[in-house]
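The values are calculated or read from the model by the stated rules, or taken from the named source; none is laboratory data. Predicted model only: the values in this text are computed from it and were never measured. Cβ: placed from backbone, ideal geometry, glycine included. Neighbour counts: every protein chain shown. For the accessible areas, the whole protein counts, side chains as well, though only heavy atoms, and no ligand, DNA or RNA atoms are used. Shrake-Rupley method; radii C 1.70, N 1.55, O 1.52, S 1.80 Å.
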Amino acid sequence: STSAPQKSNKQPAPQAHHPLRFLKSLLTNRFAWTVICILAEIIILVVLYLLLYSNFFPVTILAVVFSLGITLYIINYYQNLEMRLLWAFIVVSLPIIGPLLFILFASNHKNQPLRAKADALRAELKSFYPDNPALKNLKQENPAVALQARYICETNHISLSEHTKTTYFPIGEDYFKQLLIDLEAAESFIFLEFFIICPGCMWNQILTILQKKVNEGVEAYVMYDDIGSIFTLPSRYYRDLEAIGIIEPDNKFNSRLNGFQNNRDHRKIVVIDGKIGYTGGLNLADEYINVKKLHGHWKDTGIRLKGPGVTNLLTLFLTSWNLHSKTPLPPENFLPKNLQKPETLKTSNKQPDLLDNGYVAVYGSGPAPIYDQPVAKNVYLNLINSATKSLRIATPYLICDSEIMNALALAAEKGVDVEIITPHIPDKKIVNLMTRSNYLPLIERGVKIYEYKPGFIHAKSMLRDDDLGICGTINLDFRSLIYHFECAAWMYKTSSLADMSADFEKTKKSCLKITPETARLKQPLRLIAETLKVFAPLF
């Protein structure tokens, strides 16, 4: 007889990675391919420029004059102080390459056609709004707050809203639970606009409902940022959406050198039938509802609106869609005209949950020249400078310019109780280092800073004196305040503000208070942080 063959415990040798296989995977990765193409374009332009610069004397003279002209333009006209200093430093330090980099990545001249298109869209949408009676009512109630509301209305071409029910969600799980209920009840259309979409528990449930509603005759429109989702979605994911009847616009990142590609869509918007809307910090990915653990416990917040204030969210979505899509959406097909008449809500017995005595304005902000001023930054400054009792701020990043930093410190020195919550477990270590480098200058002037010990806080909110607040997508960093398209809900005396205040106090109990000793960075880290802060406007 023959014995049974013995199983060998020897593990098979791992196969060596073939260089051609690695090269193929690199070239088929759209992010890697995009980076390679952009770097190749930059190298070609720089080499051509250097050849002309070194071999043709007239070009040398023109290059020097051009560099001086660019520097003068930056100093006199370009955005805030930190941006001017950074780009002036780059142009002067790199007299050949610096001006070229500025034109390619920081100059806004290529965006002028988009500005004209955006202005036309805003003018068209503005024609659907009433004469802003809520602003007149607020002016009689509180003239100072009415001035802040007026700024938002003028820069966004919108009307202030009364009688809008606002619901604050202190955690992503609560937001998601209610969102599924509202999506299931959709009757006419659904608009979604998000920075990140990632297949998983959260998105798959939403997608299932969208497919079901499309089969029932509901129109579904989805926008996502191609760079925000570059690691989570395939390059032609829009085809998968189109296959089930969901429409997605042509808003793709490409490998051509274009500064506008740096201006990403960071908004988070849901509009259902023009009657219900959502905004806040949540993207459509599992970490936002703690199904997936990335950086400890993920705390995010959101706002649900029901009533006339949803119209502001709807017009923001329509503007974004029509700005980027080859198939624009007619506003008259979606704007709920019945919700633009507050008097119908005051006397309606069918919709008692819409009655909220406060005021709401959902506003957008974005890069120049599409927005001719930094709306997000100015709205924050208005809140900070008008505080008399308290300021409660939650932000994942604290990398803002000297104007906001000084406003926060000045408020504390005037006796305002200024409190800021940031993450204890960061998502980006370099960005967190720059955030922590700003602790000590603020603490020394009276600002109180806390870190959320359980994990990462992604909330973007500011509450002034417990009667005026903002909840949305806007971080206290240069990207949100200057480069990205953002949105937020500005609320005065709404019922949700008390919930925001209570949540802040509850969250503080899970935080580590930062002292001058713990805020002081060690010398090597301090040197790195101070160097990085010079380039903070690029992050």
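Restricting 176, 189 to those that are at pLDDT 95 or above and touching a strand residue (DSSP E or B) at 6+ places or on another chain (Cβ under 6 Å) reduces the list to 189.
Only one residue in 530, 505 is within 24 Å of residue 448 (Cβ to Cβ), free of Cβ contacts under 8 Å to residues at least 12 places away in the same chain and not hydroxyl-bearing (Ser, Thr, Tyr). Which one?
505
Per the conditions (1) modelled with pLDDT under 95; (2) β-branched (Val, Ile, Thr); (3) open to solvent by 40 Å² or more (accessible area, probe 1.4 Å), the sole criterion not satisfied by residue 482 is (3).
Determine which single condition residue 106 fails, assuming it passes every other condition in (1) at pLDDT below 80; (2) over 22 Å from residue 401 (Cα atoms); (3) within 23 Å of the chain's Cα centre (by Cα). The single condition residue 106 does not satisfy is (2). Selection of the stretch 485-503 for residues being within 19 Å of residue 306 (Cα to Cα), hydrophobic (A, V, I, L, M, F, W, C) and open to solvent by less than 20 Å² (accessible area, probe 1.4 Å) yields 487, 488, 489, 490, 491, 497, 500. Of the residues in the stretch 454-479, how many are open to solvent by less than 10 Å² (accessible area, probe 1.4 Å) and part of a strand (DSSP E or B)? Of the residues in that region, 11 qualify.
Against the conditions (1) under 23 Å from the mean Cα position of the chain (by Cα); (2) in contact (Cβ under 8 Å) with a residue 24 or more places away in the chain, residue 416 satisfies every one except (1).
The residues in the stretch 176-201 that are open to solvent by 10 Å² or more (accessible area, probe 1.4 Å) and of a type in the set (Val, Ile, Thr) can be counted, and the count is 2.
Residues are listed down the side, and each one gets a yes or a no for (1) modelled with pLDDT of 95 or more; (2) farther than 28 Å from residue 213 by Cβ; (3) not charged (D, E, K, R):
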{"site": "272", "(1), (2), (3)": "yes, no, yes"}
{"site": "275", "(1), (2), (3)": "no, no, no"}
{"site": "285", "(1), (2), (3)": "yes, no, yes"}
{"site": "350", "(1), (2), (3)": "no, no, no"}
{"site": "358", "(1), (2), (3)": "no, yes, yes"}
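Got a number for residues in the stretch 508-527 being farther than 30 Å from residue 142 by Cβ and either under 23 Å from the mean Cα position of the chain (by Cα) or in contact (Cβ under 8 Å) with a residue 24 or more places away in the chain (or both)?
Residues that pass the stated criteria total 12.
Here's a check for you: in the stretch 334-347, which residue that is open to solvent by less than 30 Å² (accessible area, probe 1.4 Å) and not in a helix (DSSP H, G or I) is modelled with the highest pLDDT? Filtering the stretch 334-347 for residues that are open to solvent by less than 30 Å² (accessible area, probe 1.4 Å) and not in a helix (DSSP H, G or I), the one modelled with the highest pLDDT comes out as 334. If I filter the stretch 355-381 down to residues being assigned to a helix (DSSP H, G or I) and either open to solvent by 10 Å² or more (accessible area, probe 1.4 Å) or not aromatic (Phe, Trp, Tyr) (or both), which single residue comes out as farthest from residue 311 (Cα to Cα)? Top of the filtered list is 381. Would you check if there is a residue in the stretch 279-292 being outside any loop (DSSP other than H, G, I, E, B), among the β-branched types (Val, Ile, Thr) and crowded, with 23+ Cβ neighbours inside 10 Å? Yes: one or more hits.
Confirm whether residue 164 is at pLDDT 90 or above, touching a Gly at 6+ places or on another chain (Cβ under 7 Å) and surrounded by 16 or more Cβ atoms within 10 Å (Cβ to Cβ). Against the criterion (at pLDDT 90 or above, touching a Gly at 6+ places or on another chain (Cβ under 7 Å) and surrounded by 16 or more Cβ atoms within 10 Å (Cβ to Cβ)), residue 164 qualifies.
Can you confirm whether residue 492 is of a type in the set (Ser, Thr, Tyr) and either within 18 Å of residue 82 (Cβ to Cβ) or free of Cβ contacts under 8 Å to residues at least 40 places away in the same chain (or both)? The answer is no for residue 492. If the condition is being within 14 Å of the chain's Cα centre (by Cα) and closer than 18 Å to residue 461 by Cβ, then the stretch 265-277 contributes 266, 267, 268, 269. Could you tell me whether residue 430 is surrounded by fewer than 19 Cβ atoms within 10 Å (Cβ to Cβ) and either of a type in the set (Ser, Thr, Tyr) or more than 30 Å from residue 277 (Cβ to Cβ) (or both)? Yes: the conditions hold for residue 430. How many residues does the stretch 393-431 contain that are more than 15 Å from residue 529 (Cβ to Cβ), part of a helix (DSSP H, G or I) and touching a helix residue (DSSP H, G or I) at 6+ places or on another chain (Cβ under 9 Å)? Looking only at that region, the number is 9. Scanning the stretch 110-151 for residues that are open to solvent by less than 60 Å² (accessible area, probe 1.4 Å), closer than 16 Å to residue 314 by Cβ and not charged (D, E, K, R) returns 121, 125, 128, 129, 130.
Screening 111, 132 for residues that are at pLDDT 80 or above and not charged (D, E, K, R) leaves exactly one candidate, 132.
For the stretch 385-406, the set of residues classified as buried (at least 21 other Cβ atoms within 10 Å of the Cβ), aliphatic (A, V, I, L, M) and either at pLDDT below 95 or within 19 Å of residue 80 (Cβ to Cβ) (or both) consists of 398, 399, listed by residue number. Please go through the stretch 435-493 and pick out each residue that is more than 21 Å from the chain's Cα centre (by Cα), among the hydroxyl-bearing types (Ser, Thr, Tyr) and under 27 Å from residue 144 (Cα atoms). Selection gives 492 alone.
Within the stretch 222-245, residues that are open to solvent by 60 Å² or more (accessible area, probe 1.4 Å) sit with their Cβ atoms under 9 Å from residues that are assigned to a helix (DSSP H, G or I), at 6+ positions apart or across chains, in these pairs: 231/31; 234/30; 234/240.
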